């Protein structure tokens, strides 16, 4: 065992370590298929942790993390993007509801550089006022781009209607007014609270030398101290939805859309596994219920569904595009009928088997390349446990037809459904 | 992740590890990599659409979209059953002068999935009752593009730059929606009969394969596929046009997408291509390139800006394209500042330091791009389609390293002309709101 680390556990080839000095978690997965490595650091903080009136703060912070840190900045001739992209690295970051991650996918010989940069900006980000002002207009442009897209607006509208108190009701990019009013002090305070070793996990996947990599991580991250205040605990609850809700987005365009969403349990809950399989039966492939009932009958041009796996209860939803001449109401009713059919009559074993095989193949495909494994590990961490990634196949295989019907009855209930329509604004050509 | 006992990548060149077989008109390229259980393939053949006929590409797209609606003795659900019970993936796409197909499957299922691909390509049923639904799905996809300022601006630029017979021309969305309705099932069947055959047919398979089992299925299903007697029917060069501007006004779109571009006569296999590619990369190839560093990072005017050599092939010319996304209130300044950067780039060229930085970027990202089975398969196929030898995969990094700053600056001076740039804008903006002078 390299100095400074405690081995925690291993599963499916992934080994978990903890840096004794500050509690940083490290996950290693060796993959010698190509001479590259993915380095990803996941902070367990996202829009769920934003105070009221500061929506979009962690996304804003993510942008500023590229504006420079103590050692890596433009003035020093070593901007984060410049120095990493010089190696051919694919570099970026994403902010989500429960987590923020930063990643580098690069030739393995440059892995130490990624370690060094992420360690430096964990507590050393500059977060300068002038950088913030320049980046604010960049983010407002990103927000405008999103607002151009009626489907994105529909998703925001449905999540905002389905959640009345929980911060999942806010878009990750934030509401425009909050982004316009965000101050450097706001970001500094959130950065100092949440960006710290004991709230972060480093994942390394690729063709690396284990001992050298752990030593490199220790050398750069060990000096990074946690702030004196302990990590706050954020408890966010959403009251039970007792009545169906409906929301309409109207915007110029050419093709409408329908979305039906129901509350789903936490990502770690085994009921989410059952819903996951149920939604595969409902919407994956031509044998799915939605394809046969909607698309093959010419009611929709496409229909699909998915279940969120977040820290707190989220949404399971179906999205569909009405075919020409078909109304939103017809499509919503047909989706509801497909769901009711499963609730009343359950699913067939053959359907579940097909879904399980699809997931088995998907799991193999997801290990094709270091980045996809890193990204899935990050989502598992956000949901509550990295081992969710390693155990997913077993969890899904354990779902029975009875489980699928039980969760349909428990969660896919009409009173807890939020329906969203994207309608073409008057005066425009329509579907 | 379990690793198989393969020769470690990097110890041998790609060309030493690749196997090549000829099976009738099919060229099968295979490369085993130490991924467990996964096999990925990419294939293509020349379809030679007659680009003199405006509707040819749309009809080709419709034909391809119906390949999964039944083949041989299998209806669409029987095909889906084979794929879905195995979690295998198979997709077909119309790529202008070629038809592409790609897929992946677990090792044991790959031969059957590939055999199914052959059946769908060679013996599609084209059931008449599926035609209206296929048209609706294509119309839906066209309408989604109509809602995108990026798609609208890119399309408008291509319409400015190319005649209809050029492969990079883009038909208007409205014309596509109108023409779509005119196609009959006979049109679909006739097009398939005339254009689907083993012309310049290549199949690249990568991953944890049983090579003999795959070769057997390719031999059985593809080797007897006859080529068609077809000659290329397209305009390889674009006629030079006076620069001008197009504005697509889209209500409710506060973000405006801008495209600037002019045509290029250079071909992908010209000696000057890679110096030009690298020079353009300095301008707008990634986040640390000049355009992102100035227009986004220093001025905060945009979320994204970049430049590319678009649509250049060994068979026909393409265009230099600069794309930028701008909030409405920053459109004029964003365009003006972008134009300044373009003029500076062309007038002063690039420095040795910039060139050396981008060389390591391009060679490093090339290595990263080849780290998945799909990345490898796609790159190998693209090289073959361009007429490059298999060894090009090994030679590319060295070709990049050898480029000198004089070659790059000479390519800039000979090729890029800011005064010749056309512009296309899409968003909630009118022609009189903006002045584009590069």
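General observations
- Here residue A:253 meets each of (1) within 9 Å of another protein chain (Cβ to nearest Cβ); (2) closer than 28 Å to residue B:79 by Cβ; (3) buried (at least 23 other Cβ atoms within 10 Å of the Cβ) with one exception, condition (2).
- Residue ranges of helices (runs of 4 or more DSSP H) in the stretch B:53-145 with at least 1 members more than 14 Å from chain A (Cβ to nearest Cβ) and more than 18 Å from residue A:288 (Cα to Cα): B:56-65, B:110-122
- From the list B:376, B:370, the one residue that fits, being closer than 30 Å to residue B:20 by Cβ, surrounded by 21 or more Cβ atoms within 10 Å (Cβ to Cβ), free of Cβ contacts under 8 Å to residues at least 40 places away in the same chain and assigned by TED's automatic domain parsing to the domain that holds residue B:424, is B:370.
- Failed criterion for residue B:29 (all others in (1) closer than 30 Å to residue B:388 by Cβ; (2) surrounded by 18 or more Cβ atoms within 10 Å (Cβ to Cβ); (3) away from chain A (no Cβ under 14 Å); (4) modelled with pLDDT under 95 hold): (4)
- Failed condition for residue A:3, given (1) surrounded by fewer than 20 Cβ atoms within 10 Å (Cβ to Cβ); (2) closer than 24 Å to residue B:285 by Cβ: (2)
- Close pairs from the stretch B:240-253: first facing chain A (nearest Cβ under 7 Å) and farther than 21 Å from residue A:152 by Cβ, partner surrounded by fewer than 18 Cβ atoms within 10 Å (Cβ to Cβ) and at pLDDT below 95, Cβ under 9 Å, at least 6 apart: none
- Flag if residue B:363 is surrounded by 17 or more Cβ atoms within 10 Å (Cβ to Cβ), within 9 Å of chain A (Cβ to nearest Cβ) and under 23 Å from residue B:312 (Cβ atoms): yes
- Pick from the stretch B:32-52, criterion within 17 Å of residue B:101 (Cβ to Cβ) and assigned to a strand (DSSP E or B), ranking: nearest to the other protein chains (Cβ to nearest Cβ): B:40
- Of the criteria (1) crowded, with 21+ Cβ neighbours inside 10 Å; (2) out of contact with any strand residue (DSSP E or B) (no Cβ under 6 Å at 6 or more places or on another chain), which one residue B:419 fails: (1)
- Residue within the stretch B:156-173 that is within 11 Å of chain A (Cβ to nearest Cβ), under 24 Å from the mean Cα position of the chain (by Cα) and within 30 Å of residue B:308 (Cα to Cα) present: yes
- Residue in the stretch A:103-114 that is more than 10 Å from every other protein chain (Cβ to nearest Cβ), more than 19 Å from residue B:365 (Cβ to Cβ) and either in contact with a strand residue (DSSP E or B) (Cβ under 8 Å, 6 or more places away or on another chain) or surrounded by fewer than 21 Cβ atoms within 10 Å (Cβ to Cβ) (or both) present: no
- Residue within the stretch B:88-95 that is over 21 Å from the mean Cα position of the chain (by Cα) and surrounded by 18 or more Cβ atoms within 10 Å (Cβ to Cβ) present: yes
- Verdict on residue A:284 being buried (at least 19 other Cβ atoms within 10 Å of the Cβ) and within 14 Å of chain B (Cβ to nearest Cβ): yes
- Among residues that are closer than 23 Å to residue B:346 by Cα, under 25 Å from the mean Cα position of the chain (by Cα), modelled with pLDDT of 95 or more and not in a strand (DSSP E or B), residue B:259 is not included.
- If you go through the stretch B:281-297 and pick out every residue that is part of a helix (DSSP H, G or I) and within 7 Å of chain A (Cβ to nearest Cβ), you end up with 1.
- Of all residues in the stretch B:306-324, none satisfies being more than 30 Å from residue B:21 (Cβ to Cβ) and part of a helix (DSSP H, G or I).
- Close contacts from the stretch A:15-31, counting a first residue that is more than 12 Å from chain B (Cβ to nearest Cβ) and free of Cβ contacts under 8 Å to residues at least 60 places away in the same chain and a second that is surrounded by 18 or more Cβ atoms within 10 Å (Cβ to Cβ) and part of a strand (DSSP E or B), with Cβ to Cβ under 9 Å and a gap of 6+ residues or different chains, come to A:18/A:5; A:18/A:25; A:18/A:26; A:20/A:5.
- Among the candidates A:373, A:355, A:382, residue that is crowded, with 20+ Cβ neighbours inside 10 Å, more than 18 Å from residue A:393 (Cβ to Cβ) and in contact (Cβ under 8 Å) with a residue 24 or more places away in the chain: A:382
- Among residues of the stretch A:152-167, those that are out of contact with any strand residue (DSSP E or B) (no Cβ under 6 Å at 6 or more places or on another chain) and within 14 Å of chain B (Cβ to nearest Cβ), counted: 1
- Among the residues making up the stretch B:57-81, those that are crowded, with 18+ Cβ neighbours inside 10 Å and without any contact (Cβ under 8 Å) to a residue 40 or more places away in the chain are B:64, B:80.
- Scan of the stretch A:233-271 for residues that are free of Cβ contacts under 8 Å to residues at least 60 places away in the same chain and outside the structural domain of residue A:324 (by TED's automatic domain parsing), ordered by number: A:233, A:235
The values are calculated or read from the model by the stated rules, or taken from the named source; none is laboratory data. As the structure is a computational prediction, the values presented were derived from the model and not from experiment. Positions of Cβ are backbone-derived with ideal geometry, glycine not excepted, and every protein chain shown enters the neighbour counts.
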